[in-house]
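Visitor: I'd like to ask some things about the structure below.
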Amino acid sequence: MPFTPAEVMQVWKITQLYLIRHGIAVAREEYTVDAQRPLTLQGRLKTQRVAQCLNALQIHFDLILTSPLARARQTAEIFKLKD
């Protein structure tokens, strides 16, 4: 008889990898250095909704890795706060 996914999870620690792109950032024209472009209000709100949906699905992160870009770090912080 095959194991259910829950039974497999109990026997083995399964690593799941989620790749999440940063939220909507301000226009390139507004910043001379691309790495400094932050999220827009819409980008923050949409990212918060995605984080809330993942939280509702009981998807939690043990580790969050991000690039040093401002918008990527802001996105990671939103996911960190919702976890």
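Visitor: Give segment 46-83 a look and list any residue that's free of Cβ contacts under 8 Å to residues at least 24 places away in the same chain, within 20 Å of residue 28 (Cα to Cα) and either exposed (fewer than 13 other Cβ atoms within 10 Å of the Cβ) or over 12 Å from the mean Cα position of the chain (by Cα) (or both), or say none.
Guide: Matches in segment 46-83: 67 only.
Visitor: Take segment 40-72 and flag every residue that is β-branched (Val, Ile, Thr) and either out of contact with any Leu (no Cβ under 8 Å at 6 or more places or on another chain) or part of a loop (DSSP other than H, G, I, E, B) (or both).
Guide: Listed by number, the residues that qualify are 40, 50, 59, 64, 66.
Visitor: Moving on. Where the second residue is surrounded by 13 or more Cβ atoms within 10 Å (Cβ to Cβ) and the first is outside any loop (DSSP other than H, G, I, E, B) and lies in segment 27-38, which pairs have Cβ atoms under 6 Å and are six or more apart or on separate chains?
Guide: 35/69; 36/70
Visitor: Residue check, residue 7 against (1) loosely packed, with under 12 Cβ neighbours inside 10 Å; (2) part of a loop (DSSP other than H, G, I, E, B); (3) without any contact (Cβ under 8 Å) to a residue 12 or more places away in the chain, all met but one. Which one?
Guide: Tallying (1) loosely packed, with under 12 Cβ neighbours inside 10 Å; (2) part of a loop (DSSP other than H, G, I, E, B); (3) without any contact (Cβ under 8 Å) to a residue 12 or more places away in the chain, residue 7 fails exactly one: (2).
A short reminder: the numbers here are calculations on the coordinates, not readings from a lab. Just so we're clear, the structure is a prediction, and the values are computed from it rather than from any experiment. Neighbour counts run over all protein chains shown; Cβ positions are idealised from the backbone, glycine included.
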